[in-house]
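These notes concern the structure reproduced below.
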Amino acid sequence: MKIYSEQLENGSVEALLLIEPQEAARWDDASAAVNAAIAAYAGQKGLGMLLFPRVLDCDEQDDGAILLRFEAAVKPSVTLGQYKGLHTGVPRQDAERFAQSALDKAGENTAVEIPALLVERRLDVMRLQRRSDVLQSVAFNTLADVYAILRSLNDALEIPFAPERVWAMAMDAASRLSGGEEDKSVDALLGLLCERLYGEDYSDSDLRAVGHAVEERVLARNETDAETAAEELFALYLKTRSQTEEDWRAEYRSTAAELVRTELMLDAVAEEEKLSVDASELERRAAALGEPYGLSAEEVLEMTGEENLRFQLLRAKARSLIEQSAEP
């Protein structure tokens, strides 16, 4: 392996490596060769464990060599303070607050410099979680459909409404359609959209135009892949908050940093206490995760990664240790 360039700053590393043909040939595929090269680079440089490695560029050469550029966070050193027997100031009966107070106090006693890249990767995870929530939200799906239909119809008007007005119409119509008392039949939807765009004295041709726009939206929905639909809905979620993605990330950056601090603290506690997870525990947890979706434990482990699941279980054990030893 040849190192062409590297940059290490603020707890993260970016490097350009050449995996030579004989090294690449030792592995079944390029992905395995890349993972091995990143691990070898970390070992050679004495960086310990690299967290959230991300391949920025990977070019397989004609001679079998692989040119690899990647970035990753360097796992920081963690200095634990008191994490057992903490006084929470919260009654044990208030289980959720009691547990959170114990974790917060353990985190306050922990000294660690959090790499900026770890915070950004945690924000990426939070974005995926929020996007998933929005994708499953009936209210946001309704808003997306109504907004798309109204924009389509507005574009055909001789004198179209301003974009801000169309957005306000969509918000009002979607709110009414999502309400508990509102008629949600197709006729009610058509009438509501006609009223918003053409006024109460809308014509039969107006009604037909709305009906056609609704059909077009249904067709477009059916042809849209899940990834595109999720991104569309997340963009809409940001619009309801009058935020750009940069605004959203700025709002949640401190939350992400605290989550990272907690995870690093739990990892350090697990190491200090020599906690472990055996194969049977991994299998039981994977089976429990897969059961609602009809997936086997093996399929879950393949999807999540055995090490990722192991880290989750170790953190759960460390969390439990802190909580159980805490006092009100």
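What follows draws every value from the coordinates through simple rules; no lab data is involved. Note that the coordinates shown come from a computational prediction; the quantities given were computed from them, not determined experimentally. No Cβ is skipped: glycine too gets one built from the backbone with ideal geometry, and neighbour counts run over all protein chains shown.
Distances longer than 35 Å among the Cα atoms of the chain: what percent of all pairs is that? Result for the distance tail: 45 percent. The overall shape of segment 236-310 is oblate: from the C-alpha gyration tensor, with semi-axes ordered a ≥ b ≥ c, the ratio a/c is 1.5 or greater and a/b is no larger than b/c. Counting Lys and Arg as +1 and Asp and Glu as -1 over every other residue whose Cβ lies under 9 Å from the Cβ of Arg249, the net charge comes to -3. Share of pairwise Cα-Cα distances greater than 25 Å in segment 1-157 is 58 percent (whole percent). Computed from the C-beta positions of Ser320 and Ser205, the FRET efficiency with R₀ = 51 Å rounds to 0.15. For segment 209-299, GluC sites (Glu not before Pro) meeting the loop criterion (DSSP other than H, G, I, E, B) and having at most 16 other Cβ atoms within 10 Å: Glu273. Angle of helix 116-135 to the longest C-alpha principal axis of the chain, folded into 0 to 90 degrees and rounded to 10: 40°. Remark: the chain carries a charge dipole of roughly 1320 debye about the Cα centre, counting +1 on each Lys and Arg Cβ and -1 on each Asp and Glu Cβ. Normalising the average separation of contacting C-alpha pairs (under 8 angstrom, six or more residues apart) by the number of residues puts the relative contact order of the chain at 19 percent. Hydrodynamic estimate: the Kirkwood radius of segment 2-74 over Cα pairs, inserted into Stokes-Einstein at 20 °C and 1.002 mPa s, corresponds to D of 176 µm²/s. For the chain, the longest principal axis of the Cα atoms and the long axis of helix 163-178 meet at an angle of about 90 degrees. Listed by chain and number, the aspartates and glutamates whose C-alpha is less than 13 Å from the C-alpha of Lys239, apart from same-chain residues fewer than 8 away, are Glu164, Glu231, Asp247. Estimated purely from DSSP H runs of n ≥ 4, each contributing -39500 (n - 2.57), the mean residue ellipticity at 222 nm for the chain is -20500 deg cm²/dmol once divided by its residues. Computed extension gain for Arg241 through Leu8, at 0.36 nm per residue and net of the alpha carbon distance, reaches 80.2 nm.
When only alpha carbons are used to place a centre, segment 221-264 and segment 125-153 end up 12 Å from one another. Rounded to the nearest 10 degrees, the angle from helix 204-223 to the longest Cα principal axis of the chain is 20 degrees. Normalised by the number of residues in segment 2-74, the mean separation of alpha-carbon contacts (under 8 Å, six or more apart) gives a relative contact order of 37 percent.
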